[in-house]
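Only the coordinates and a few stated rules stand behind these numbers; no lab work does. Owing to the predicted nature of the structure, the values given are computational and were not obtained by experimental measurement. Virtual Cβ from ideal backbone geometry, glycine too; neighbours counted across all protein chains shown.
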Amino acid sequence: MRKMNRRFIILTFAVLVLITGTSVYASDALPSLFPNVSPEEEAHVQAVQDRLTQSWTPGREIILSSEGRAFGINSKNEDLSKWTFIDSDQFYDMLSTFSMQKRSSFLEAFYSEERRANLDVGDYMSALLINPEKSRALVYWEKANGSYVVMDLKSKGNSNSWYVDGVEILTP
């Protein structure tokens, strides 16, 4: 009888330890599986997205209305309306279509000295227009004063090398 009580106590203790360990794991793992985002956080994210869209849309319209004259774009060969709009959410998806070398070169041009020289506190996040061949891109962002910086990125021929061909500041 004594052996039976000892086995029962040990078995009960082992089950309690397992249950406690499982509940501690579950209490730590479940919030990460099902994040609890408050309505205020969702509203803030939506407000930021709306403000960026309000910034990018006029910038794109300014570039399209200029018909690329500032960038030497020949409207017969390169119709800007057929270029793909890429925002911050789509940027890394677009980069994933490039080879490793082309991606590295593109990022080097994207984060170039010309960008750093024209980026100030209060400027908005950039967006870009890229041509169908993915050989040329116009990166643009709204400055705090309402003007737009447009950086012309080009790919060198059929190589995987990108460079900054020029920077223009456009005012609405």
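Descending by average beta-carbon neighbour count within 10 Å, the peptides 49-57, 142-150 line up as 142-150, 49-57, the highest first. Under a crude label model (7 Å from the Cα following the beta-carbon direction), how far is Asn118 from Ser66 in nanometres? According to this spin-label approximation, the distance is 0.8 nm. Full extension of the segment from Val48 to Thr171, taken as 0.36 nm per residue of separation minus the current Cα-Cα distance, would add 42.0 nm. FRET efficiency for the pair Ala14 and Tyr111, taken as 1/(1 + (r/R0)^6) with r the Cβ-Cβ distance and R0 = 45 Å, rounds to 0.20.
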